[in-house]
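Below is one structure, written out as structure tokens; comments come after it.
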Amino acid sequence: MDSRRVPRTVSDPKVRQVGFFAPAAPLDRSESGPPAPTSSSPPVSDVSPTGNSLSPVMIPPPRHLSTDLSRHFPLGPPVSPLRVARAADTSIPVGSYNPSEFSTPPATAEDPLSPRWGRRGSSGKFATSLPAGGFDMALAKQKNAVNLPPDGGSNVEVQKEQKAVSGKALKEKTTKAERRALQEAQRAAKAAAKGEGSKTPAAAVNTANSNAGKPVKAVSQKKDSSSIAASEKKGGDRQLDKDRKKDVPHPRMQFDDANRVEKAKKRSVVKQTEAKNRVELFRHLPQYEHGTQLPELESKFFQLDTVHPAVYKVGLRYLAGDISGGNARCIAMLQAFQESIKDYSTPPEKSLIRDLTTKINGYVSFLIECRPLSISMGIAIRFLKTRIAQLPLNLSESEAKVHLISDIDRFISEKIILADKVIVKHAVTKIRDGDVLLTYASSSAVEMLLLHAHELGKQFRVVIVDSRPKLEGQKLLRRLVGKGINCTYTHINAVSYIMHEVSRVFLGASSVLSNGTVYSRVGTACVAMVAHQFHVPVLICCEAYKFHERVQLDSICSNELGDPDAISKVSGRKEINTLDGWANSENLQLLNLTYDATPSDYVSMIITDYGMIPPTSVPVIVREYRREHLWI
Amino acid sequence: MWYRSASFILDKQQQQQQQNDTVTNPESRPLSPASTAMAAENPNANISMYYQTRAAHHGVVTNDWLAQAQAAVGGNTDDSVSDNYVSGGEEENKRYSVVDEFNNWRKQPELAEAVAAIRALASVIRSSQATTMMELEIELKKASDALKSWDTTSISLTAGCDLFMRYVTRTSALEYEDFNSAKSRLLERAEKFGEISYKARRIIAMLSQDFIFDGCTILVHGFSRVVLEVLRTAAQNKKLFRVFCTEGRPDRTGLRLSNELAKLDVPVKLLIDSAVAYSMDEVDMVFVGADGVVESGGIINMMGTYQIALVAKSMNKPVYVAAESYKFARLYPLDQKDMVPALRPIDFGVPIPSKVEVETSARDYTPPQYLTLLFTDLGVLTPSVVSDELIQLYL
């Protein structure tokens, strides 16, 4: 995402500039430069070669670098040999934005530049500007070694070649002092990489990308402006996909792929230990031994620098199971993000849009490590990222932050809280006096509905069906009975017995997929099927933001595995110990699923904030919702 | 939704328009504030006005109904439907009532209730003395509410009013600075809407011709003007088919349909309502109308439709529904009892002991899984598309 922003934000004004302005124009552009790292960025004059007053902290932003470069070209060829060599190597001015080359050219592009800074004799600048470059190089090397891009070795070959050539050029041209500086920079980069922890790859990719891209463009832009603009955009878009792959472990990573799991583990903050015997069909899902990491993570609370404390706290609460339920988790996450945005300040050489997205990505990967994302959270994250990406470029940092925070607030209130109220309003019309309503486990929407119907004075009875091991229904039961609602509590084993006296089944959902399949707490499908068999209407209460365009036919390909111990043991009953010590047996595989998929055949109606719809109309809502989403 | 109306079919078939001469220029009907036959408030709230009107229109009048109607209106029976009221002058606009206007329109047997309501609402705009858009809108809202509350059992009336409000007020009219031009724009739209609704039946008849093949046997339940139109068009197109008509107790609407079909020289066989399953194996398709099409894609129609659909489903016969799109309602019944009940008296011919309870509900709900296709003026739809259209319209 951020990487796509890079070429666009930088190139757009540039195109205009080349088309209509004399070479003096860049100065003008950098002053009004939209993505300038806002408040903390030094004024342009500081960066210019004459202004040596840079403090070590003030890292000249890369974009200024580029403007500097371009401003200097007409005056003379200060770095021409290097630049020409490099340009010849890459041989395609456009090429640096080809996604295939994207992973290494950063390093090559940066190498010749950094010494040039040194030659101009400002040592302060030298030291500060270098880390980025060296960093990239370290990263690039590492990437060459470990992380071969999936789309083929040929790119890598090319990249290596380039590197060699540019390295040679470097050796020839650099003086002793410069080499030492370079070394220092590399060392600093390594240290930084270590410190950065799990977030590093993502951040580094971005910085590399941004730093490297600009000088190259500054060079190439002179040659051919129009073609660059077009190709840059294209390349940028494709980069986005690639970048996303590297950023965070994919939410639906296949955990039976040993390679990827290995890589993901290296990055992770939470060191989850994996359960040993997993059921064959579900190998692709992550399964961890629960409860072992919590104390350790809690102790890490004050040492962690990559993850904001609020996010960390929420993550731990997910891990401990304090927060559950799609809406609750989503709201908690969004509020934590709000906190982190409040405390956020853009690092000097970065732009808010890119850096914040990277940060959020880091948080998200941390949260995924704690517990796989629910679909509602995935959608909320997507919302937040698009909001960040759509921030007007001329906003100051504080304005942008206020923008984002209020956006999040609005998402929570409109899409979740208000939506629930509308759902309750619709659903309550379907409750008549004398009804017996059945609900399964604990859904916040259904609970609100029952309470509201009770407040309206409707006479009804509630059957709460529950199941081990979570026994979430008990909490719901407690709250409903506390309000004076007549309740019956039973376990799912008895659902076929109790169903004949039920007149309506109200269920919550984690998500509704576009083929009408309802993705919800495990056991829901069973209840819905029994209800269908008994000709009892099944009503699903689900906010429209949880609708997902995915199609899923079974509960296998995407699911979440719970703690297998939870089903092999019964807490509080020592005498049930038949399975004690069997956990490591080769022949025993415990399966504790968290979700299941209810086919749309068993669903009579879905109640959303857009009204009551049949399950066949979910795609319409997904489509309309998306549209509204775009221009809100 | 409306702009997609398949009215082009009509334009192709202009020459057939002459045959549709049962309605003689309804636009020219004068207003008559003097109509006291139907008071502004529903005279008998227990009985569905909708079904009374139908009974009156279809000329099948039960004894019970006559007695009740007489009691309600104080001896002034008004079932001479083609009566022409002479205009009493429009100066009395102060006590102008949209319901009177509606009742006026409603007296034409060929004019659907919803179309009557649409025409009445259009005349509200025309005769409105409002000076601002807001005022006009409020007035319109009040009028449509009055219409809706006048007969809550009529789904098409409610749906027609709602659709009218959506269609007419959701326009660019508000962009006009001049109130009069905005008003005339509204009026234009209202009239267009009325026109489309009026044409709907013809469009449906044209669309459904592809489904009627030579030698087929069609089972029809109840009296539906749309279905009659479909069959009439088919007969005019020289299709060879025969029709089974159910009797349609208690108001024997099937009898009337069989009369009409006999006039068209279509072979008709009359069945009693309970003979549906017996004769289903001879039937090639089931054709029914609808009182309302609900959001699930199911229909609410005259009592007995559901069981016919069930029988047809179990014998794998297609069930086709002919319904104008102004019958699309934002309702979602979960089961048979989850509807506003429309009651009507039932004449059993013999006195019923007072201890015996009588099910007087006039209609039932047929869930979408028992329907094959819906013929509407928006095109031939599967049941699931209905909800899509409704969502797009009301969202």
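The values are calculated or read from the model by the stated rules, or taken from the named source; none is laboratory data. Keep in mind it's a predicted model, so treat the numbers as computed, not measured. Every residue, glycine among them, receives a Cβ derived from its backbone with ideal geometry; neighbour counts consider all protein chains shown.
Observations on the structure shown:
- Selection status of residue B:387, more than 22 Å from residue B:253 (Cα to Cα) and in contact with a Ser or Thr (Cβ under 9 Å, 6 or more places away or on another chain): yes
- Among the residues making up region B:118-138, those that are assigned to a helix (DSSP H, G or I) and not aliphatic (A, V, I, L, M) are B:119, B:123, B:126, B:127, B:135, B:137.
- Among the residues of this structure, residue A:392 counts as one that is without any contact (Cβ under 8 Å) to a residue 12 or more places away in the chain, part of a loop (DSSP other than H, G, I, E, B) and surrounded by fewer than 21 Cβ atoms within 10 Å (Cβ to Cβ).
- Hits in region B:285-309 (condition: aromatic (Phe, Trp, Tyr) and within 14 Å of chain A (Cβ to nearest Cβ)): B:306
- Residue that is in contact with a Pro (Cβ under 7 Å, 6 or more places away or on another chain) and either surrounded by fewer than 18 Cβ atoms within 10 Å (Cβ to Cβ) or in contact (Cβ under 8 Å) with a residue 12 or more places away in the chain (or both), where the choices are B:242, B:225, B:249: B:242
- The strands (runs of 3 or more DSSP E) found entirely in region A:516-627 that carry 1 or more residues being under 27 Å from the mean Cα position of the chain (by Cα) and within 11 Å of chain B (Cβ to nearest Cβ) are A:605-608.
- Out of A:543, A:501, sole residue that is buried (at least 21 other Cβ atoms within 10 Å of the Cβ), acidic (Asp, Glu), under 22 Å from residue A:431 (Cα atoms) and in contact with a strand residue (DSSP E or B) (Cβ under 9 Å, 6 or more places away or on another chain): A:543
- When each of A:431, A:423 is tested for being within 14 Å of chain B (Cβ to nearest Cβ), surrounded by 21 or more Cβ atoms within 10 Å (Cβ to Cβ), in contact with a helix residue (DSSP H, G or I) (Cβ under 8 Å, 6 or more places away or on another chain) and not in a helix (DSSP H, G or I), the lone residue that passes is A:431.
- Within region B:168-203, if we keep just the residues that are of a type in the set (S, T, N, Q) and in a helix (DSSP H, G or I), the residue that is modelled with the lowest pLDDT turns out to be B:172.
- Scanning region B:334-350 for residues that are touching a Pro at 6+ places or on another chain (Cβ under 9 Å) and under 22 Å from residue B:49 (Cβ atoms) gives B:338, B:339, B:344, B:345, B:346, B:347.
For (1) more than 14 Å from every other protein chain (Cβ to nearest Cβ); (2) crowded, with 16+ Cβ neighbours inside 10 Å; (3) not aromatic (Phe, Trp, Tyr), each residue gets a yes or a no:
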{"position": "B:311", "(1), (2), (3)": "yes, yes, yes"}
{"position": "B:349", "(1), (2), (3)": "yes, no, yes"}
{"position": "B:352", "(1), (2), (3)": "yes, no, yes"}
{"position": "B:362", "(1), (2), (3)": "yes, yes, yes"}
{"position": "B:391", "(1), (2), (3)": "no, yes, yes"}
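- Residue check for residue A:346: under 29 Å from residue A:542 (Cα atoms), in contact with an Asp or Glu (Cβ under 7 Å, 6 or more places away or on another chain) and surrounded by 17 or more Cβ atoms within 10 Å (Cβ to Cβ): no
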